[in-house]
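> Provided herewith is a single structure, encoded as structure tokens, for subsequent inquiry.
Taken together, the values in this text are just the output of simple stated rules run on the coordinates, not laboratory data. As the structure is a computational prediction, the values presented were derived from the model and not from experiment. All Cβ positions, even for glycine, are placed from backbone atoms using ideal geometry, and neighbour counts span all protein chains on display.
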Amino acid sequence: MKQLLQHKYAWVIFTALFISLVYLSNLVSVRADLTAEKRFSLSTSTHQILDGLDSTVSVTVFLTGDLPSDYRKLNQATQDLLSEFKSIAGGNILQVRFEKAGENLTSDTAKAILYDSLSRLGVVFEQSASVSSNSDKTTQQLIIPSALLQYKNQKPVAIDLRSSKKVFKQYDMLTVAEPEEDKEATRNAAEALLEYKFANAIHKLTRKQVPTIAYLVGNGEPVDLKINDLGESLRNEYRLAVFDLKQGYPDPNLIDAMLVVKPTQQFSEEDKLKLDQYVMNGGKILWFIDKLYAELDSLKRNQAEYTAYDRGLDLDDLLFKWGVRINGDLLQDLNCSKMPIVIGQNADGSPRMQRVPWPYYPFLTARTNNPISQNLDRVLPLFPSSIDTVKAPGINKTILLATDSNSRRLSSPAMVSVNSVKDENDLRTFNKSYIPVAVLLEGRFQSLFKNRVSTVLSDSIQKATGKPYLNQAAQPGKQIVVADADIVTNEVSQTAGPLPMGELQMENYRFANREFLANSVDYLVSGNQLFETRNKDFVLRLLDKKKLSEEKTFWQVINIGLPLVLVLILGLLIQWRRKTKYAA
């Protein structure tokens with residue numbers, strides 16, 4: 001080694017070795033995720049999707065530019081994730097760019113046309129208010145927290161980078177009108193969903209077949225503007241169809257999943273047989289059922305109160321056979337939406353309105369760690385009922401949505417009244433917790449008509465479907481049962497037209513009803529394992545703000561002064577060593 005160092009070409013050798021090491025390090029990428037929750041590790045299913053890309057996927061991220069602090073963190077997390085995606089797929093396969101839409105356009109008209117086109121694709125826009133540090137003036141800033149993915153000649157897919165889950169600071173639900181949002185925690189929830197959103201979008205762009213979702217009619221289901229947003233929510237990702245149950249048997253080879261939304265007329269035995277055999281042959285059903293007739297319009301007509309009654313749908317035996325029972329009750333919870341009511345008159349004679357808690361509209365959240373409702377904001381039902389799970393051989397049940405910790409049941413005949421909570425005694429009856437409203441069923445379902453089908457009926461089924469009658473499902477299946485139909489319907493404003501589902505008139509807030517529907521349909525028809533990435537949960541490690549304020553000066557001195565002191569000491573030591581070494 002000593003001879004090598006003394007060689008006249010030593011510097012050439014070491015330079016060559018250094019360049020070789022740098023070159024080899026660029027060829028070999030070594031990454032280590034040392035975070036406890038594996039924040040920077042991608043799932044196996046994401047790897048498979050990226051490895052299987054055969055053509056270029058272009059990703060345009062619009063969340064860029066001068067952003068508020070909470071969005072800057074989300075922007076950085078998006079950059080980090082897409083960098084990881086590129087390292088797996090390759091830079092030529094996954095092309096990423098960050099740009100603000102319309103930044104180079106000078107005409108307001110051109111910008112408006114561009115924004116309208118992007119909005120139709122699903123790109124979201126947000127107005128953010130910021131206060132200048134030099135004055136008290138508030139300025140409005142347009143933020144586009146979206147990304148747009150394009151692949152071959154497929155229709156582009158838009159991603160909302162925000163989380164639907166809004167995290168609120170602790171508050172008293174009875175006294176606080178508008179809880180304060182914890183923006184750091186909300187953006188943290190958004191970061192946890194980024195991998196799923198981008199990987200799922202790439203999967204949907206590159207899939208060979210697009211699933212067909214059928215909306216069931218024939219039993220009084222709504223077909224008006226009340227389901228406008230339901231269609232808008234699904235049309236970009238699935239083939240949508242309408243199937244009339246009175247006209248024949250649904251074919252699971254043609255219909256991947258069916259939506260049964262708010263039927264109002266009784267199901268005959270023939271109707272139930274058709275649905276039964278659809279499930280036995282591999283079909284999936286998403287049920288949104290109103291067991292009782294309870295509508296706000298009825299309260300408005302009757303002024304003060306009315307009695308909710310059973311619709312008589314006759315679905316109890318079918319759902320019971322598959323593992324659930326929708327009860328004939330109404331749920332209430334103190335953690336609920338507010339409804340404007342007239343409390344008097346103003347001086348000019350106009351009605352004086354006040355928003356009061358309306359426990360018939362309780363907030364629903366996930367109570368178990370499941371991929372459908374994990375990292376999901378509150379879901380808003382209107383007059384929901386409760387669900388009980390019952391014994392069904394081979395069927396696994398998962399609670400997807402439930403009420404909060406201050407709930408009660410109103411058994412049928414249930415009274416719907418403006419004054420349903422009158423005093424402290426009424427408040428004490430809200431003593432139930434986490435009552436289920438939505439349940440996922442998975443397994444091999446048994447036929448309701450087992451040992452009840454005659455030879456003649458069996459032959460007619462064979463003739464109508466081309467398949468024999470089945471006593472048991474040929475393979476494991478999935479269903480989701482929700483004891484409220486208005487989760488997926490929307491209100492219609494006389495001035496604004498159809499509203500998004502999960503949004504009430506006179507309420508400037510949209511709940512996560514649309515996201516719950518999208519996740520539910522996706523889970524039923526998706527053949528990949530991407531949903532495991534929805535269970536990511538990033539731990540938000542915040543500094544103690546009080547302690548930070550108290551010790552701010554101390555740590556500034558340590559961070560700035562200590563390095564200078566260390567450099568000074570090191571310099572003095574070197575100087576002292578030189579003096580002692582050469583003193584002789």
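> Assigning unit charges at the beta carbon (Lys, Arg +1; Asp, Glu -1) and nothing else, what dipole magnitude in debye, to the nearest 20, does the stretch 210-511 show about its Cα centre?
700
> Still on this structure, I have one more. At 7 Å along the Cα-to-beta-carbon direction for both N419 and Q95, put a label point, then send me their distance in nm to one decimal.
Rounded to a tenth, the inter-label distance reads 6.9 nm.
> Check cross-link reach from K450 to the aspartates and glutamates: straight Cα distance under 19 Å, and skip same-chain residues fewer than eight apart.
Once the sequence-local aspartates and glutamates are set aside, what remains near K450 is E269, E270, D271, D276, D314, D316, D317, D459.
> Please give the charge dipole size of the stretch 252-383, origin at the Cα centre, charges +1 on K and R Cβ atoms and -1 on D and E Cβ atoms. Round to the nearest 20 debye.
480
> Using modelled backbone amide H atoms (1.01 Å from N, in-plane), which distant-in-sequence or interchain residues come within less than 5 Å of L94's amide H?
Here V57 satisfy the definition.
> Could you list I560, I113, I289, I487 in order of exposure, starting from the residue whose Cβ has the fewest other Cβ atoms within 10 Å?
Taking fewest neighbouring Cβ atoms as first place, the list is I560, I113, I289, I487.
> Let me make sure I get this right: for the stretch 185-317, a, b and c are the square roots of the gyration tensor eigenvalues over alpha carbons, sorted descending. Under 1.5 in a/c it's rounded, otherwise prolate if a/b > b/c, else oblate. Which is it?
oblate
> Just to check I understand the Karplus step: with θ = phi - 60° and J = 6.51 cos²θ - 1.76 cosθ + 1.60, what whole-Hz values come out for the stretch 477-488, glycine and proline as x?
In residue order, the calculated couplings are x, 9, 9, 10, 10, 10, 8, 6, 8, 6, 4, 10 Hz.
> While we're here: Between Q265 and K155, what's the calculated FRET efficiency when r is the beta-carbon distance and R0 is 25 Å? Round to 0.05.
It comes out at approximately 0.10.
> Next question. Give me T465, T403, T56 sorted ascending by neighbouring Cβ count inside 10 Å, so fewest comes first.
T56, T465, T403
> Which of K226, K467 comes first, and how do the rest follow, when ranked by fewest Cβ neighbours within 10 Å?
Listed from fewest to most nearby Cβ atoms, that is K467, K226.
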